[in-house]
Amino acid sequence: MLLLPHREPMLLVDEIEVDEEGTAHGKYRVRGDEFFLRGHFPGNPVVPGVILCEIMAQTCGLLVGDAIKGRTPMYTGLDKVRFRASVRPGDTVEITARIERQMANFYFTKAEARVGGVLCVQGSLSFALVEGA
């Protein structure tokens, strides 16, 4: 919360750390009472794909470290996103993300999310750090 501008109910990471190689590792525990599960789907709750992308995106945001302070990460693209397995209440989503390249304030990243070691979603995400957005 010190770096990410997101707040409840859109703060979708419980833990994030960046290792010495510059890879971010994030976790989000799906409690089951989240707003996005209420109608998706009654009796068979599944985390929507767009929310999984947002969880990955928030993890990617911390890859830029202190450069995010006072700026808003505005996503400019999702590419080659593939959904492999469903995520449900009680699951802990584990995200791995890294920066592939940077051009000025634009960042191009790759991320994946797993539950219990099983790949659920992967893709390339790009974003810009925007002042005062």
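If you wrap the chain's Cα atoms in a convex hull and average its projection over all directions, what's the area in nm²? Can you show the working numbers first?
Details: hull surface 32.0 nm².
About 8.0 nm², averaged over all directions.
Put in order of Cβ neighbour count within 10 Å, fewest first, the listed residues CYS120, CYS60 become CYS120, CYS60. Projected label points at VAL130 and MET74, each 7 Å from Cα along the beta carbon direction, are separated by 0.2 nanometres. Under a Cβ-Cβ cut-off of 13 Å, what is the net charge of the residues other than PHE106 that fall near it, where Lys and Arg count +1 and Asp and Glu count -1? It works out to a net charge of +1.
Here the residues TYR107, TYR28, TYR75, ranked from fewest to most Cβ neighbours within 10 Å of their Cβ, fall in the order TYR75, TYR107, TYR28. Dividing the summed -39500 (n - 2.57) terms of all DSSP H runs of n ≥ 4 by the residue count of the chain sets its mean residue ellipticity at 222 nm at -3000 deg cm²/dmol.
If one takes the longest principal axis of the Cα atoms in the chain, at what angle in degrees, from 0 to 90 and to the nearest 10, does the Cα axis of helix 49-61 lie? Approximately 30 degrees, to the nearest 10. PRO89 sits among other residues whose Cβ lies under 10 Å from its own Cβ, and their net charge, with Lys and Arg +1 and Asp and Glu -1, is 0.
Throughout, read-outs are computed from the coordinates displayed, never taken from laboratory work. Since this is a predicted model, take the numbers as computed values, not measurements. Cβ: placed from backbone, ideal geometry, glycine included. Neighbour counts: every protein chain shown.
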